[in-house]
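Notes follow once the structure below has been shown.
Since every read-out is calculated from the coordinates, none of them should be taken as a lab result. Values in this document were obtained by computation on a predicted structure and should not be read as measured data. Using ideal geometry, Cβ is built from the backbone for each residue, glycine included, and neighbour counts are taken over all protein chains shown.
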């Protein structure tokens, strides 16, 4: 194992392959042999680059989780009225689904059988808690309706945006901006036609 | 194989077991041996009740699909203004998620590797088409906003309601009526607080 064989480029390409293999076969059943075959490498060459299956999973899940948590720290999601901040987080989340559909799909299927999976589930729960707190803040500020349970609202909103990874295809007919617009429109204003002029 | 051993009760109980096994192991990998073990039966006894794995899957998927399609034929979803009919379909869909979360989860994971799976995917697409047509009708009637693509709206709305099967637990803290109310509220009116009196 040399420093050269651990160049970031190599690992990133192997993580791309591993994500596909983990989604196809399921993480539990996928082996380092499967990843090596899919990458066109010998198994021992693969071990020159990564210590094992868990390391590949961790890299893959970090791609999704880092994006989600970064969305919480952008200036637009930390300053201003809470409902506008919530809008930014929802927008960024949908964008991440479209940028990294495979990694997010993997994150959503994690079931907690290994330490890395439990860590990822813990991070997902943290993310949900932060967003639920933002929903509560927006309700308290009178910006969002107060007749629905904040944790339930958060689950449903992210259920909707997460569902995008099931059908979104890069270079398909539906562009990420259209999805962002539709999710945001439904979440904040709903589908009902109104006489108000505020509909975009 | 006798008529007695094919009593409906027996098969229904075996389908319950098979659904759990298929969700745990994945349909492709689950064997009739796995189902027999989980049911506490010998494999040959299991074959007295059902012809094979595909038959168990078909029974399971029909539970979900029959419920979904029945929702389209209720008087409340065939008569009246299109947006009200859409509301009824959404409501019944969420209720089916809560009545049959395991069967719906199985339906959502079907990937089309066998004839039964392809049939189920075909039925899902039919359901989506009928609902998309209902969304189009409601837009044409001026009841729903006209700035979003009907097929995208349908995907997002059912993405939200389908997500319920991922976390809903019968006898858990969240009751089906709360979920129905929250989904319907978000879909039609959104979360934004308004000064109008029409918020329930």
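A few remarks follow.
- FRET efficiency, 1/(1 + (r/R0)^6) with R0 22 Å, evaluated for residue B:133 and residue B:178 via beta carbons: 0.15
- Remark: the Cα gyration tensor places the range A:57-189 in the oblate category, a/c being 1.5 or greater and a/b not exceeding b/c.
- Computed from Cα atoms, the angle from the helix B:8-25 axis to the main principal axis of chain B rounds to 80 degrees.
- Copies compared at residue A:125 - label distances in nm, ascending, label defined 7 Å from Cα in the Cβ direction: 4.0
- Ordering B:167, A:119 by the number of other Cβ atoms within 10 Å of each residue's own Cβ, fewest first, gives B:167, A:119.
- In degrees, nearest ten, helix B:115-140 long axis to first principal axis of chain B (Cα): 10
- Remark: the range B:119-195 projects, on average over all directions, an area of 6.9 nm² (convex hull of Cα atoms).
- Given R0 = 30 Å, the distance between the Cβ atoms of residue B:73 and residue B:146 translates into a calculated FRET efficiency of 0.65.
- Note on chain B: helix-only mean residue ellipticity at 222 nm, from DSSP H runs of 4+ residues weighted -39500 (n - 2.57) and normalised by residue number, equals -22500 deg cm²/dmol.
- For the range A:94-132 and the range A:11-33, distance of Cα centres in Å: 17
- Rg/Rg_ref, the protein assembly as shown, where Rg_ref = 2.2 N^0.38 Å and atoms are Cα: 1.07
- Label-point gap, in nm, between residue B:31 and residue A:51 - each point 7 angstrom along Cα→Cβ: 3.6
- Among A:18, A:38, A:102: highest mean-square fluctuation, GNM of chain A, C-alpha pairs under 10 Å: A:38
- For chain A, built as a Gaussian network whose Cα springs stay under 10 Å, the top-fluctuating residue of A:85, A:173, A:145: A:173
- Enclosed volume per residue, in Å³, of the convex hull spanned by Cα atoms of the range A:83-129: 66
- Tilt relative to chain A, helix A:82-99 - C-alpha long axis, 0 to 90 degrees, to 10: 30
- With both labels modelled 7 Å from their Cα along Cα-to-Cβ, the residue B:169 to residue B:121 distance reads 3.3 nm.
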